[in-house]
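These notes concern the structure reproduced below.
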């Protein structure tokens, strides 16, 4: 399964060759160097979908917020699933993350 995560471009490094265009992209305040070769029209402040270190396409802030909403829902669903007594991890006495 592939997961593309939205990030906001904070800085762009221009090179001589557009194939090597990179930028610093913020994921909730964490900056990562990302290849921007696939989104040649992207500018500082734009939101992009990133997978495996490559920006795949641009999106607007509203779309990015919607993705974050879905990711939060998935996270909450996972927490509820871990609390469920029918969870196979609990049945085998495997501790949840952060517990011993």
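The values are calculated or read from the model by the stated rules, or taken from the named source; none is laboratory data. None of these values were measured; they are calculated from a predicted model. Cβ: placed from backbone, ideal geometry, glycine included. Neighbour counts: every protein chain shown.
When you scan region 7-36, how many residues do you find that are modelled with pLDDT under 95 and closer than 14 Å to residue 64 by Cβ?
Adding up the residues that qualify gives 2.
If we scan region 37-48, do we find a residue that is at pLDDT 95 or above, loosely packed, with under 13 Cβ neighbours inside 10 Å, over 11 Å from residue 8 (Cα atoms) and touching a strand residue (DSSP E or B) at 6+ places or on another chain (Cβ under 9 Å)?
no
Inspect region 6-26 for any residue being under 17 Å from residue 61 (Cβ atoms) and free of Cβ contacts under 8 Å to residues at least 12 places away in the same chain and give the result as yes or no.
The answer is no; no qualifying residue exists.
Among the residues of region 53-67, is there at least one that is closer than 11 Å to residue 23 by Cβ, in contact with a strand residue (DSSP E or B) (Cβ under 9 Å, 6 or more places away or on another chain), at pLDDT 95 or above and surrounded by 12 or more Cβ atoms within 10 Å (Cβ to Cβ)?
yes
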